[in-house]
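Colleague: Just dropping this structure here.
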Amino acid sequence: MCGIVGVVGRSAVNQLIYDALLLLQHRGQDATGIVTEQGRKFFMHKAKGMVRDVFRTRNMRALPGTSGLGQVRYPTAGSSTSEEEAQPFYVNAPFGIVLAHNGNLTNASRLRRELFDNDHRHTNTGSDSEVLLNVLAHELGRATQGVQLQADEVFAAVRAVHRRVQGSYAVVALIAGFGLLAFRDPWGIRPLCMGSGDDGTVMVASESVALEGTSLHLVRDIAPGEAVLVHEDGRVESAQCAEHAELHPCIFEYVYLARPDSIMDGISVYQARLNMGETLAKRVISTVPPSEIDTIIPVPESSRPSAMQLAQKLGIPYREGFVKNRYVGRTFIMPGQATRKKSVRQKLNAIGSEFKGKRVLLVDDSIVRGTTSREIVQMARDAGATKVYLASAAPPVRFPNVYGIDMPTSEELVANGRTVEDIRAYIGCDALIYQDLEAMKRAIGQLRPAMAGFEASCFDGVYITGLTEADLAQLRSERTREAGADEADDAQESRLSLPNAEAS
């Protein structure tokens, strides 16, 4: 999961891209980058860290031009510690292309070999985004052999990308002197939408909040398999470039990833979470009689709409029992289990009066690894709760997600191979209630009845791009190696940052 934005404007776009990335910061906190174009020359600045820390006044002044793109990164492939893997990526041939990508390629290893052996192109990092850029560049070169670059050649290149690439991908790319290209995988797993301003500015972004928060108007979502080309003069052309395209957006976007004020594929994220609260109410009633619950408390932030609707349905007081430190990042997307666990109590503090002597029902958006839930339940007990029940607005996460969310191996998932009672005992709550998967699909799907379905592999183990067990084993092996390398790098960095570390 990352956040991407691309802009073609009438004036300098550096500040507009910066503002849009701030609005997408929840989608990635590991690294960020912006590239702009002026006179067929690219200007780039990228680094590890959050948007407000990476871009200073001097960096912004060095980003001239009326078109550009940016990204906030949350690593799911490659290293989370390498500066080199911050996006956007650049290749100088053909034409000069820069690219930013949200998603995860499931055949990146095979493509990397093909690029070297057959296409004679070199990749320098472990990032699948660099692989995707080189595949696009190669296909664009093939499409334009002997002809001038036109929209038809760009769309032909995207068609070839769809035939070669597997997995999830929402992409923005700048072609020097030509325009902004945006496209989405044939399943529409990762989100991408387009908007415009009164002055003719065109923006493509991961979420509608990036448009609305910068005073642009949401025009539409980019369709699965579609490519959109925004010329330097603001003209927009589009074409369907996939042979078989069908909308199956990632359901976890609605559960947790997206901001509640976004509209994704025609569905209000906020309304989706309210509907999830309604269906969750039925599950709670069948497990814990409402008379045994004194108050309902959300685990900030994503669970609030579901918790409010659940409380209203059950007629139980809704209270804010946890205060969130807004300067600590989202624990789910922090690299490294040790960092994630350490951050829970830094991130949340309990209000004792809301827990002391009460039977509380905590509502979280989902339970992934279980370590955060275990800490939060203990915090509620330490604050004086006599009973602590836990409800998840999402079903049990039992399978790896390989489409751009950091759930790489089954072993890390608390629900994998365990019964609900096993999970309850591990977390330490008095009762554990999970959402029903089919009920959740109906609750969200009714907001857009014509939609084909959802990508819900982390809940049901169905991989719509057709992965085999061998593919999953390969991805698991690659991710395990990357995680081990990152942990070693983190440990080395910690030792170097402590004075006289060896002496202590």
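Colleague: On the Cα set of the chain, report Rg and Dmax in Å, please.
Modeller: When restricted to the Cα atoms of the chain, Rg and Dmax are 23.0, 78 Å.
Colleague: Can you give the calculated 222 nm mean residue ellipticity of the chain, where each DSSP H run of n ≥ 4 adds -39,500 (n - 2.57) and the sum is split over every residue, rounded to the nearest 500 deg cm²/dmol? Walk me through the intermediate numbers first.
Modeller: Working: 15 runs with 167 residues, N = 504.
Mean residue ellipticity, 222 nm, calculated: -10000 deg cm²/dmol.
Colleague: If we count every other residue with Cβ under 10 angstrom of Ala151's Cβ, Lys/Arg +1 and Asp/Glu -1, where does the sum land?
Modeller: With Lys, Arg at +1 and Asp, Glu at -1, the net is -2.
Colleague: Please give the contour-minus-distance gain from Arg61 to Glu292: 0.36 nm per residue of separation, less the Cα-Cα distance, rounded to one decimal in nm.
Modeller: Here the answer is 77.2 nm.
Colleague: Can you give the three extents of the C-alpha atoms in the range 3-246 along their principal axes, from longest to shortest, in whole Å?
Modeller: Reported extents, whole Å, longest axis first: 44, 39, 35.
Colleague: Please compute the modelled spin-label separation between Arg448 and His122, points set 7 Å along Cα→Cβ, answer in nm with one decimal.
Modeller: Those two pseudo-labels are separated by 4.2 nm.
Colleague: Which percent of Cα-Cα pairs in the range 273-457 sits in each 10 Å bin, short to long?
Modeller: Pair shares across the bins are 9, 37, 38, 14, 1.
Colleague: Something else now. Can you divide the C-alpha Rg of the range 117-157 by 2.2 N^0.38 Å and report the result to two decimal places?
Modeller: 1.28
Colleague: For the residue pair Arg418 and Asn92, what label-to-label distance in nm results when each label sits 7 Å from Cα along the Cα-to-beta-carbon direction?
Modeller: Result for the modelled spin labels: 5.3 nm.
Colleague: For Ser206, Ser353, Ser127, what ranking results if the residue with the fewest other Cβ atoms within 10 Å of its Cβ goes first?
Modeller: Sorted ascending by nearby Cβ count, the order is Ser353, Ser127, Ser206.
Colleague: If packing is taken as the mean number of other Cβ atoms within 10 Å per residue, what is the order of 20-32, 156-168, highest first? Could the numbers behind the result be given before it?
Modeller: Numbers: 20-32: 24.0, 156-168: 21.6.
The peptides rank, most packed first, as 20-32, 156-168.
Colleague: Another one. Can you tally the lysine pairs in the chain where the Cα-Cα distance is under 18 Å and the two residues are eight or more apart, or on different chains? Don't jump to the answer; show the numbers that get you there.
Modeller: Values: Lys282/Lys313; Lys282/Lys441; Lys324/Lys341; Lys324/Lys342; Lys324/Lys347; Lys356/Lys387; Lys358/Lys387.
Value for the chain: 7.
Colleague: While we're here: Working out 0.36 nm times the residue gap between Arg476 and Gln378, then minus their Cα-Cα distance, what length gain in nm do you get to one decimal?
Modeller: Extra length available between Arg476 and Gln378 comes to 32.1 nm.
Colleague: May I pose another question? I need the calculated FRET efficiency for the pair Asn349 and Val147, taking r as the beta carbon distance and R₀ as 60 Å, to the nearest 0.05.
Modeller: Values: r = 63 Å, r/R0 = 1.05.
Result of the calculation: an efficiency of 0.45.
Colleague: Could you list Thr468, Thr409 so that the one with the fewest beta carbons within 10 Å of its beta carbon is first and the one with the most is last?
Modeller: The most exposed by this proxy come first: Thr468, Thr409.
Colleague: Now a separate question. In which sequence would Glu253, Glu411 go, from the one with the fewest C-beta neighbours within 10 Å to the one with the most?
Modeller: So the ranking, lowest neighbour count to highest, is Glu411, Glu253.
Colleague: Where does each of 269-280, 380-391 land if you order them by average Cβ count within 10 Å, highest first?
Modeller: Highest to lowest by the protection proxy: 269-280, 380-391.
Colleague: Then there is this: Let me know the volume per residue of the alpha-carbon convex hull for the range 7-151, in Å³.
Modeller: Per residue, the Cα convex hull of the range 7-151 comes to 117 Å³.
Colleague: Continuing with this model, one more query. For Asp233 and Glu469, FRET efficiency with R0 = 45 Å and r from the beta-carbon atoms, rounded to 0.05?
Modeller: Computed FRET efficiency for Glu469 and Asp233 comes out at 0.35.
Values in this text are rule-based calculations from the coordinates and carry no lab data. All figures in this text were calculated on a predicted structure; none of them were measured in a lab. Every residue, glycine as well, gets a Cβ built from its backbone with ideal geometry; the counts of neighbours run over all protein chains shown.
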